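Sending over a structure as structure tokens; questions will come in a sec.
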Amino acid sequence: MPSIPATLHRRETIVSAVLYLMTKHAQSPCPLLGRAVAEHLNLLARCPADDSTSETSELLCRLAAAWRLLANDRPSPATWSHHRTDATPVLQ
């Protein structure tokens, strides 16, 4: 059985991890998950691959920046006030 190059195995692991984190974030938005997605996208941008282009790295960096903004802009549920009668979360 042919061996899988270490860089390919690492890249596939990072892709799997970032897809898992994105799925979890979609199910339950959380700034920590958003930051983890951004970090994994940055890792992926720096991970060498034979078929990777500078455009791919640039796209991954832009996606990471967008995820960082998403993680920082989204209020944490811990900062919501649930004392309103209509149960609409309000930032304190």
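The values are calculated or read from the model by the stated rules, or taken from the named source; none is laboratory data. A quick note: this is a predicted structure, and the numbers were derived from the prediction, not measured. When we count neighbours, we look across all protein chains shown, and the Cβ atoms used for this are built from the backbone with ideal geometry, even at glycine. The protein model used for the area step is the full one, side chains on, heavy atoms only, and it has no ligands, DNA or RNA in it. Shrake-Rupley method; radii C 1.70, N 1.55, O 1.52, S 1.80 Å.
When you look at Thr13, is it at pLDDT 95 or above, over 14 Å from Ala64 (Cα atoms) and part of a helix (DSSP H, G or I), yes or no? Before the answer, list the steps.
On the way: at pLDDT 95 or above: no; over 14 Å from Ala64 (Cα atoms): yes; part of a helix (DSSP H, G or I): yes.
In short, no.
Something else about it: Would region 55-62 turn up any residue that is closer than 15 Å to Ala17 by Cα and within 11 Å of the chain's Cα centre (by Cα)? Spell out the reasoning first.
Residues of region 55-62 that are closer than 15 Å to Ala17 by Cα, as a first pass: 60.
Narrowing the set further to residues that are within 11 Å of the chain's Cα centre (by Cα) leaves 60.
The answer is yes; a qualifying residue exists.
For region 20-43, does any single residue satisfy the condition of being in contact with a Gly (Cβ under 9 Å, 6 or more places away or on another chain) and modelled with pLDDT of 90 or more? Write out each step before concluding.
Initial filter on region 20-43 (in contact with a Gly (Cβ under 9 Å, 6 or more places away or on another chain)): 21, 25.
Keeping just the survivors that are modelled with pLDDT of 90 or more gives 21, 25.
Looking through region 20-43, at least one residue is in contact with a Gly (Cβ under 9 Å, 6 or more places away or on another chain) and modelled with pLDDT of 90 or more.
Residues are listed down the side, and each one gets a yes or a no for (1) modelled with pLDDT of 55 or more; (2) open to solvent by 80 Å² or more (accessible area, probe 1.4 Å):
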{"site": "Cys47", "(1), (2)": "yes, no"}
{"site": "Ser52", "(1), (2)": "yes, no"}
{"site": "Glu55", "(1), (2)": "yes, yes"}
{"site": "Leu60", "(1), (2)": "yes, no"}
{"site": "Ala64", "(1), (2)": "yes, no"}
{"site": "Arg68", "(1), (2)": "yes, yes"}
{"site": "Arg74", "(1), (2)": "yes, yes"}
{"site": "Ser81", "(1), (2)": "no, no"}
{"site": "Thr85", "(1), (2)": "no, yes"}
